[in-house]
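The block underneath contains the structure these notes are about, expressed in structure tokens.
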Amino acid sequence: MTSVLDLAPVVPVVVVDDPADAVPLARALVAGGLPAIEVTLRTPTAWAAIRAVADAVPDAVVGAGTVITPEQVSEAVAAGARFLVSPGWTDVLLDAMRGSGVPYLPGVSTTSEVVALLERGVREMKFFPAEAAGGTAYLRSLYGPLPQARFCPTGGIGPASAPGYLALPNVGCVGGSWMLPVDAVAARDWGRVEALAREAARLRDSGAQV
């Protein structure tokens, strides 16, 4: 599979409360140009949502986010997740993700964590919580000594700040949920979600001009 970092400039971070919303929501995101969809394991319905999208939306690359235990790694892959994202990592969790057979983005927020992952052969990572951990200035500073590391920054990023991240040479994509406004999802306004996803899918062009 193409690297998760290269599928689209934005990976929607999705919290699904009603499993019935998962398929139409995913279809709207894919139609808008955002095929990589991270379903976070923050609700008990996440597993059903991952299964539904994996089964019914073949153009979506559905992944599991907020993965923090080896058991969740196994369950996510069994449900159909095609990539894994964690907010942080330990050796135990990293071993489980490495053995899963699917791409994974372990979370980092410090230089030492990045170096430790590079030492273990991991080159692609989630930078979280991006804004709180130093934002674009921090990632720009990392590029000089550690150009081999690539990131998907997530946490506090919106349409105004995303282009600045995407302009950095060590950022492949960003994660965010702004294309999924709570009121739009509650109203099942999938047309609005698709329109916002389409705008997000064009942000790499905006980033190149920053």
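When a/c reaches 1.5 or more, the comparison of a/b and b/c decides; with that in mind, is region 6-204 rounded, prolate or oblate per its Cα gyration tensor? Write out the running numbers ahead of the final one.
Numbers: a/c = 2.07, a/b = 1.25, b/c = 1.66.
Judged from the Cα gyration tensor, region 6-204 comes out oblate (a/c at least 1.5, b/c at or above a/b).
Taking 0.36 nm per residue of separation and subtracting the Cα-Cα distance, what length does fully extending Arg42 through Val92 add? Numbers along the way, then the final one.
Numbers: separation 50, 0.36 × 50 = 18.00 nm, distance 2.08 nm.
Result: 15.9 nm gained on full extension.
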Gain on full stretching of the segment that runs from Val182 to Ala133 - 0.36 nm per residue minus C-alpha separation
15.1 nm
In nanometres, what is the gap between the two model label sites at Asp18 and Thr2, each 7 Å from Cα along Cα-to-Cβ?
3.3 nm
Placed amide H near Lys126: partners under 5 Å, 5+ positions off or other chain:
Gly107, Val108, Cys152
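How big is the charge dipole of region 1-158 about its Cα centre, in debye rounded to the nearest 20, if each Lys and Arg gets +1 on its Cβ and each Asp and Glu gets -1 on its Cβ?
That gives region 1-158 a dipole magnitude of about 340 debye.
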Which of the trypsin sites (Lys or Arg not before Pro) found in region 106-142 are in a DSSP loop and have at most 15 neighbouring Cβ atoms, other than their own, within 10 Å?
Arg120, Arg123
If each residue of separation counts as 0.36 nm, what is the full-extension length gain between Asp55 and Asp189 once their alpha-carbon separation is subtracted?
46.0 nm
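Quick note: the coordinates plus some simple rules give every number you see, no bench work behind them. Being a predicted model, the structure only gives us computed values, none of them experimental. For neighbour counting, all protein chains shown are included, and Cβ atoms are generated from backbone atoms with ideal geometry for every residue, glycine included.
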